[in-house]
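**Q** Please read through the structure below; I'll follow up with questions.
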Amino acid sequence: MKNAFVLFALATLALLSYGLYMALVVAPTEATMGDVQRIFYYHVPNAWAAFLCFAINAVASIWYLLKRGVKSDAIALASAEVGVVFCTIVLITGPIWAKPVWGIWWTWDARLTSTLVLWLIYVAYLMLRRFSSSGRAPVLAAVLAVFGFFDVPFVYLSIRIFRTQHPQPVMGGGENSGLDPVMAHAFLWNLVAFTFYALLVIWMRYRLQIAEQAVEEAHAERALGERA
């Protein structure tokens, strides 16, 4: 298992390095927006990574509600924490791009607002897990996670359902779709790289959470033994 983790980490590092090279060196400068367009190679992959984390969280939460397994609970917590980090990066990089292109940092259109709501849902999930003293906190958090995940497809489809200021998809169809082939390759390399990166960090956080749970169980057993 340790060797697999090391190999996965090295593969992730290689992908991130090559993705950085493709985005900053190989990809041409966009004619209208200039170099600020290069944020796209990180903004969108971070959004995808956040969606992936929240999907893993939803599946693990459902499994926890059905089986009450320690491992599924650890996966749910780890993926939520990592997902919030990626979603935070999305909310930071978006305005950095928007200011020079739109002239404003933020606008309350459907895509931006629903992404902020998504972030708030999972921050609430983490706060419930962290600060609730109730023994049912993991169950309540799992229910919140399952219902909260429904905002993910809404975020994705919002620019297709509503008229928004947010740019339309540049890949996957539509009258404004289409990228320079080199730009598309840079984007796809970073999409793969951040997928690996998200899974790697979840794996790391999961291992730490399992270790923390083992320590807590040992302390609880020791306390019971002392009382006896």
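The values are calculated or read from the model by the stated rules, or taken from the named source; none is laboratory data. Values in this document were obtained by computation on a predicted structure and should not be read as measured data. For neighbour counting, all protein chains shown are included, and Cβ atoms are generated from backbone atoms with ideal geometry for every residue, glycine included.
**Q** Just one of the numbered conditions (1) at pLDDT 95 or above; (2) on the phi > 0 side of the Ramachandran plot; (3) not hydrophobic (A, V, I, L, M, F, W, C) is not true of Arg68; which one?
**A** Exception for Arg68: condition (1).
**Q** Does Thr107 fit the bill of being of a type outside the set (A, V, I, L, M, F, W, C) and not in a helix (DSSP H, G or I)?
**A** Against the criterion (of a type outside the set (A, V, I, L, M, F, W, C) and not in a helix (DSSP H, G or I)), Thr107 qualifies.
**Q** A further question follows. Could you list, in sequence order, all residues of region 70-96 that are surrounded by fewer than 21 Cβ atoms within 10 Å (Cβ to Cβ), over 19 Å from Phe194 (Cβ atoms) and touching a residue at least 12 places away in the same chain (Cβ under 8 Å)?
**A** Result: Val70, Lys71, Ser72.
**Q** Assess whether Ser17 counts as being within 30 Å of Phe150 (Cβ to Cβ) and either touching a Leu at 6+ places or on another chain (Cβ under 6 Å) or at pLDDT 95 or above (or both).
**A** Judged against the criteria, Ser17 is not a match.
**Q** Also, I was wondering about something else. Out of the residues in region 97-130 meeting the condition of being within 18 Å of Thr164 (Cα to Cα) and β-branched (Val, Ile, Thr), tell me which one is surrounded by the fewest Cβ atoms within 10 Å (Cβ to Cβ).
**A** Of everything passing the filter in region 97-130, Ile104 is surrounded by the fewest Cβ atoms within 10 Å (Cβ to Cβ).
**Q** Within region 107-121, which residues are among the hydroxyl-bearing types (Ser, Thr, Tyr) and either modelled with pLDDT of 95 or more or within 18 Å of Leu157 (Cβ to Cβ) (or both)?
**A** Of everything in region 107-121, those that are among the hydroxyl-bearing types (Ser, Thr, Tyr) and either modelled with pLDDT of 95 or more or within 18 Å of Leu157 (Cβ to Cβ) (or both) turn out to be Thr113, Ser114, Thr115.
**Q** Kindly indicate which of Ala186, Ala211 is in contact with a helix residue (DSSP H, G or I) (Cβ under 9 Å, 6 or more places away or on another chain) and either touching a residue at least 60 places away in the same chain (Cβ under 8 Å) or in a helix (DSSP H, G or I) (or both). It would help to see each step written out before you state the result.
**A** Working: Ala211 fails: in contact with a helix residue (DSSP H, G or I) (Cβ under 9 Å, 6 or more places away or on another chain).
The unique qualifying residue is Ala186.
**Q** Among the residues of region 36-48, is there at least one that is outside any helix (DSSP H, G or I) and among the charged types (D, E, K, R)?
**A** Within region 36-48, none of the residues are outside any helix (DSSP H, G or I) and among the charged types (D, E, K, R).
**Q** Still on this structure: Check region 122-132 and report whether any residue there is at pLDDT below 95 and not in a helix (DSSP H, G or I).
**A** The answer is yes; a qualifying residue exists.
**Q** Could you list, ordered by first residue, the pairs with Cβ atoms under 6 Å in which the first is in region 33-54 and closer than 11 Å to Ala186 by Cβ and the second is aromatic (Phe, Trp, Tyr), at least 6 apart or interchain?
**A** As it stands, the answer is Tyr41/Phe187; Pro45/Phe194, since those pairs meet every condition given.
**Q** Taking the condition of being over 17 Å from Ala74 (Cβ atoms) and among the small types (Gly, Ala, Ser), how many residues in region 136-158 meet it?
**A** Total meeting the criteria: 2.
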